[in-house]
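The values are calculated or read from the model by the stated rules, or taken from the named source; none is laboratory data. Note that the coordinates shown come from a computational prediction; the quantities given were computed from them, not determined experimentally. Heads up, the Cβs are rebuilt from the backbone with ideal geometry, glycines too, and the neighbour counts pull from every protein chain shown.
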Amino acid sequence: MRLDIRLPIGLMFGILGGLLVIVGLLSSGSALQHSLGINVNLWWGIVMFVFGALMFIFGRRGNATARLAEESREGGKVEAMEHEQGLEK
C-alpha cells in the first residue's frame with residue numbers, strides 16, 4: 001500500500017484549522033482582550049487550514065515515491081553490499 005504521508009497530515013491540519021476558524025468566529029469580545037485585540041484562533045485556524053489544504057493537494061497531485069529496495073538501483077546496491085558483508089539474515 002503506497003499511502004503518501006501528506007494526505008493524512010493535510011486532513012488533520014485541515015480539520016483542526018477549520019475548527020479553530022469556527023471557534024475564532026464564534027468567540028466573544030472578552031477573549032480578544034487577553035490577546036491584545038487579535039483573534040488568535042481565527043488567524044491560526046486560517047494558517048492551519050491553508051497548510052492542510054496545500055499538503056492534501058500536493059499529496060493528491062504527487063505520487064508515492066517509496067519503492068522496494070529491489071526495484072531501485074540504489075536499493076539493489078545496498079542489498080548487494082549488505083549481502084557481501086553478511087548483514088542479511
Elements of type helices (runs of 4 or more DSSP H) in segment 1-72, at least 1 residues being at pLDDT 90 or above: 6-26, 40-61
Single condition Leu26 does not satisfy, out of (1) without any contact (Cβ under 8 Å) to a residue 40 or more places away in the chain; (2) within 24 Å of Arg61 (Cβ to Cβ): (2)
